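Okay, structure first, notes after.
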Amino acid sequence: MPGKPARKRNNGASRAARSWDGLRTVDQERDTQSPVAERTHIDAVDIMRIMEAIPHRYPFLLIDRMVDVELGESAVGVKNVSVNEPFFQGHFPARPVMPGVLIIEAMAQTAATLVVLTLGAAFEGKLVYFMTIENAKFRRPVGPGDQLRIHVVKERQRANVWKFRGVARIDDVSVAEATFSAMIMD
């Protein structure tokens, strides 16, 4: 429109950028003499770090470690299923099967740990509540001796609500999948 100055678009200068030691704005990054290298990949996360990130404990902590973590995007949780799991006493004693809802819970714990690792120490131990579970499918039973590899990928995030797609695999074969969303509480 003639006579009106062109409106400047915000090029994201106020958007938060992630670094390993916490949150920094793009402006703060630009103002430092040596830019902080942004850490976006973590090879492995052990059980002690998982327990710092989320409040779950035995017998309801359902992931043993995480690998291939891409902060803000995806991760793989690992669950070594043992005959000593408490749920096998009643589900089912003659043919132990890991309950499908616990596989979905393991997906959620993997996703929650990813969210906390992404957001930083201020979010450690916060409660995360399921909001939706959609399109859950169970393809084959999971039992003692199986190693679940739980792949979660962020579909979207708005404020404190995150949506993920999860697929649990044993030996690269899908045994369960679901799309779920959860809210991290302050």
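Bear in mind that the values in this text are calculations on the coordinates, not laboratory data. As the structure is a computational prediction, the values presented were derived from the model and not from experiment. So basically every Cβ, Gly included, is an ideal-geometry build from the backbone, and we count neighbours across all protein chains shown.
Summary table below
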{"quantity": "Cβ-based exposure ranking for L127, L71, in which fewest neighbours within 10 Å come first", "calculated": "L127, L71"}
{"quantity": "Segment M185-A136, extension gain: residue separation times 0.36 nm, minus the distance between their alpha carbons", "calculated": "15.2 nm"}
{"quantity": "Sparse-neighbourhood loop sites, trypsin sites (Lys or Arg not before Pro) in segment 77-186 - DSSP loop, at most 16 other Cβ within 10 angstrom", "calculated": "R139"}
{"quantity": "At R0 = 22 Å, FRET efficiency that the Cβ-Cβ distance of Y129 and N84 yields, to 0.05", "calculated": "0.15"}
{"quantity": "Gain upon complete extension [R49, V67; 0.36 nm per residue less C-alpha separation]", "calculated": "5.3 nm"}
{"quantity": "Ellipsoid semi-axes in whole angstrom, largest first, where each is sqrt(5λ) of the Cα gyration tensor of segment 39-186", "calculated": "24, 16, 14"}
